[in-house]
Amino acid sequence: CIVTRSSLGLSCSSLVTRHSSRFDALGRESPSLHFVWSPFMKTSFELVADPRDGVQGKGASRRLRRSGKVPAILYGGKQPPRQITLDHQNLLTLLVNERFYSTILSLKINGETQAAILKDVQRHPAKNQILHLDLQRVLEDEKIRMRIPLHFTGAGSSPGVKSQGGVVSHLLNDIEVS
């Protein structure tokens, strides 16, 4: 199965229709789905980052957070991991959008642009604060794994729900593709 991108983000229509045929009656998963990334895909989110060279440890991360920055790490892509900082307020506005979690991001570090995906977000348990971000570089010749949300339409207009009072329940809300 090929997941493509539209102007609204990743298109999962082929995933949703093939989703039921990918699991047997006992819910066991069949062979994995494949995500094909093309360098011509439009990246709709841009992050501007600053390098965080030579600054390590809990105290340094706390100082960054107090100054309105978020510590992050960029890894993968046959390159060594790189510590970076992102603007906290800009990141909060981007994280509101669901597409941000399953879209290839454009990351600018010192004028150099790299494609990356969001792998992990650490949040403060009580405050509306981002503590740390993990980003993975994306190369066109390297396989990646990511979770794509599933959106089901037409459940309220189905005959079983409308006329017979049935309830639609979904066992899965997202699916992992590689």
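The values are calculated or read from the model by the stated rules, or taken from the named source; none is laboratory data. This is a predicted model, so every value here is computed, not measured. Ideal geometry is used to build each Cβ from the backbone, glycine not excepted, and the neighbour counts take in all protein chains shown. Note: areas computed on protein heavy atoms with side chains; ligands, DNA, RNA excluded. Shrake-Rupley method; radii C 1.70, N 1.55, O 1.52, S 1.80 Å.
So the values come out like this:
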{"read-out": "Segment 142-166, subset under 16 Å from GLU176 (Cβ atoms) and of a type in the set (A, V, I, L, M), residue surrounded by the fewest Cβ atoms within 10 Å (Cβ to Cβ)", "value": "LEU150"}
{"read-out": "Every residue from segment 87-112 that is open to solvent by less than 70 Å² (accessible area, probe 1.4 Å), part of a strand (DSSP E or B) and farther than 24 Å from ASP174 by Cβ", "value": "ASP87, ILE109"}
{"read-out": "Subset tally (residues that are in contact with a strand residue (DSSP E or B) (Cβ under 6 Å, 6 or more places away or on another chain) and not hydrophobic (A, V, I, L, M, F, W, C)) for segment 102-112", "value": "4"}
{"read-out": "Flag if ILE84 is in a strand (DSSP E or B), β-branched (Val, Ile, Thr), in contact with a strand residue (DSSP E or B) (Cβ under 9 Å, 6 or more places away or on another chain) and open to solvent by 30 Å² or more (accessible area, probe 1.4 Å)", "value": "no"}
{"read-out": "ALA72, sole failed condition from (1) under 30 Å from LYS143 (Cβ atoms); (2) open to solvent by 60 Å² or more (accessible area, probe 1.4 Å)", "value": "(2)"}
{"read-out": "Residue in segment 30-74 that is farthest from VAL121 (Cα to Cα), counting only those that are among the β-branched types (Val, Ile, Thr) and modelled with pLDDT under 90", "value": "VAL36"}
{"read-out": "Test: residue in segment 113-133 that is surrounded by 16 or more Cβ atoms within 10 Å (Cβ to Cβ), touching a Ser or Thr at 6+ places or on another chain (Cβ under 7 Å) and more than 30 Å from ARG52 (Cα to Cα)", "value": "no"}
